[in-house]
Amino acid sequence: MLVQSIAILATLVTAPSEPQVLTLEQALEIALSDNIAVKVADKEIERAEYAKKGTYAALFPQIDASASFQRTIEKQVMYMDFDMSSIMGPGAGGSEGSTEGGESSAPSSNDGMEVGRWNSFSAGVSAGMPLVNFQLWESLRISGQDVELAVEKARSSRLEMVTQVKSAYYAALLAKESYAVYKEVYDNALANFEKISLKRDAQKASELDYARAATTLANAVPNLYDSQNSITLTLWQLKAVMGVDLDMEIDVAGKLSDYAQDMSILFGEDELNLDNNSTMRQLAIQAEQLASAVKSQQYAYLPSLNLSFVYNYSAMANDFEFSTYRWTPYSYVGLSLSIPIFSGGKRYNNVRAAKVQASELELQTENSRRQLQISIRQNINTMETAMHSYEAAGKALESAQKAYDITQASYEVGSSTLTDLNDAQLALVQARMSVSQSIFSYLNAKASLEQTLGCDFLE
């Protein structure tokens with residue numbers, strides 16, 4: 001009954017059939033094309049390019065068309081400080097303007113005169129462009145630096161994504177090797193349990209040995225299930241960072257031991273620099289932007305010269321008979337010179353604020369450099385420790401394997417107990433896991449170091 005229950009539990013950890021096996025290079029290539037963060041970074045580059053083009057448009061003439069209509073509610077009244085009859089002539093107004101006494105009834109200056117018509121129409125084109133504008137020219141340089149910054153941020157996203165894919169890939173390999181170790185432990189425990197069951201039935205084994213064998217077999221099942229579950233979780237993580245469907249069945253190729261022969265410090269002292277580090281490159285571009293921002297604020301003290309052109313048609317009437325309107329053109333070309341004189345200290349304080357921001361960035365850059373140098377040293381130390389641990393674990397594995405083989409042979413002939421065999425197997429499992437863990441630690445530290453140094457996957 002116990003054997004049947006354990007066999008049913010073992011079927012729960014059966015691996016999926018026919019998954020797509022991927023090498024590390026294939027996983028990286030898929031991630032470089034399908035990863036969401038990489039796509040977002042590429043979109044950011046495209047956005048920065050459009051923003052740069054929009055800034056350069058300020059150098060070209062800005063042409064606008066306009067049209068307007070006005071309906072007068074109350075006309076303006078014009079008053080003059082002289083007799084209106086001197087303009088309109090004596091007897092102005094005709095018979096309707098005469099009184100019974102024969103005196104003229106021409107309007108006086110006190111009455112005023114309405115000006116304009118009830119309807120006003122206007123349509124035209126206006127254009128303008130800067131001829132001399134130092135602030136605008138400096139802003140164009142900042143826009144170009146925005147594109148460079150977006151490109152470097154996209155590179156940083158790729159470097160980070162490559163590190164994530166490598167870590168997830170190595171974690172999947174570690175999970176598979178853990179499963180292989182615990183599967184072998186389970187198989188050995190099951191074989192020993194079956195042998196002791198037969199011996200007990202033949203009255204050649206005690207109930208104590210049978211109970212110990214059953215306990216060892218039962219304890220092997222949870223580890224087997226957990227290791228299989230770890231494979232599923234690590235593969236999900238790998239699919240997530242690759243940007244593929246989580247329902248897609250994949251598997252990783254190879255073993256961690258395949259990378260053991262390359263465990264060495266491949267970087268010389270002259271290569272352990274931050275010249276290609278993405279963070280430092282971004283900070284350098286930001287420093288250039290702030291330097292340009294300081295110049296832009298200083299250029300606010302300089303004059304600017306603009307060219308303008310206007311061409312309008314206008315008409316005024318008291319009705320809406322458009323065919324009878326008299327349209328009058330109006331146009332001009334002009335130059336306008338703007339000379340800054342006083343702004344209440346605004347320009348001066350803007351320059352000081354930009355300089356303070358540049359100083360802040362210098363401090364941030366120095367702090368980032370120190371943190372990255374610490375990261376490099378930590379990764380190098382981790383790699384060296386993993387290499388020493390691998391050598392020691394390899395020797396321990398040889399000894400543990402030899403001890404297990406001897407103990408198993410002794411157990412077959414009755415010279416060793418089941419407890420001795422379980423102890424030897426436990427030491428063997430620990431040695432195997434130590435070997436795998438040391439390789440995994442080395443590979444993770446190496447991937448992190450490559451990201452810090454800015455080593456591209458394509459290179």
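Every read-out reported here was derived from the displayed coordinates using simple, explicitly stated rules and does not represent laboratory data. For clarity, every value in this text was computed on a predicted model and none was experimentally measured. Here Cβ is always computed from backbone atoms with ideal geometry, including for glycine, and neighbour counts include all displayed protein chains.
Taking the Cα centre of the chain as reference, the dipole from Cβ charges on Lys and Arg (+1) and Asp and Glu (-1) amounts to some 740 debye. Using Cα Rg over 2.2 N^0.38 Å as the read-out, say which of (i) 0.95; (ii) 1.93; (iii) 0.91 was calculated from these coordinates. Computed from these coordinates, Cα Rg over 2.2 N^0.38 Å corresponds to label (ii). Shown in residue order for region 121-126 are the 3J(HN,Hα) couplings computed by the Karplus curve 6.51 cos²θ - 1.76 cosθ + 1.60 at θ = phi - 60°: 10, 8, 8, x, 10, 10 Hz (x for Gly and Pro).
Extending 7 Å from the Cα toward the beta-carbon at both GLU74 and LEU136 defines two label points whose distance is 4.3 nm. Taking amide H atoms as placed 1.01 Å from N in the peptide plane, the amide H of VAL252 lies under 5 Å from those of LEU22, each 5 or more residues away in sequence or on another chain.
Between the residues ILE339, ASN379, ALA353, the greatest Cα displacement towards the positive end of the dipole of region 339-393, with unit charges on the Cβ of Lys, Arg, Asp and Glu, is found for ILE339. Taken one residue at a time, the phi angles of region 317-331 give Karplus couplings (6.51, -1.76, 1.60, θ = phi - 60°) of 7, 9, 9, 10, 8, 5, 5, 9, 6, 9, 8, 10, x, 8, 8 Hz. Gly and Pro are set to x.
Would you kindly state how much longer the chain becomes between GLN62 and VAL21 on full extension, computed as 0.36 nm times their sequence separation minus their alpha carbon distance, in nm to one decimal?
Between GLN62 and VAL21, full extension yields 8.9 nm more.
Restricting to bridges with both residues inside the chain, how much of the DSSP beta-bridge set is antiparallel, in percent to the nearest 5?
Counting only bridges with both partners in the chain, antiparallel ones make up about 95 percent.
Spin-label model, MET113/ALA202: points 7 Å from Cα along the beta carbon direction are separated by 13.8 nm. Does anyone have the angle between helix 207-242 and the longest principal axis of the chain? Alpha-carbon axes, 0 to 90°, nearest 10? Relative to the chain, helix 207-242 is tipped by roughly 20 degrees. Extension gain for LYS255-ALA315 works out to 12.9 nm (0.36 nm per residue, less the C-alpha to C-alpha distance). The C-alpha atoms of the chain define a longest principal axis, and helix 24-34 lies at about 20 degrees to it. Simple rule: put +1 on each Lys or Arg Cβ and -1 on each Asp or Glu Cβ in the chain, find the dipole, and look at SER66, VAL132, LEU224; the Cα lying farthest toward the positive end is LEU224.
Close amide H contacts of SER416 (hydrogens built in the peptide plane, cut-off under 5 Å, sequence separation of 5 or more or a different chain): TYR411. Phi-derived couplings, Karplus 6.51 cos²θ - 1.76 cosθ + 1.60 at θ = phi - 60°, listed residue by residue for region 349-366: 6, 5, 5, 5, 5, 5, 5, 5, 5, 5, 5, 4, 5, 4, 5, 4, 5, 5 Hz, with x used for Gly and Pro. Think of the chain as having a plus end and a minus end, set by charges on the Cβ of Lys, Arg, Asp and Glu; of ALA37, ALA202, MET161, ALA202 sits farthest toward the positive end of this dipole.
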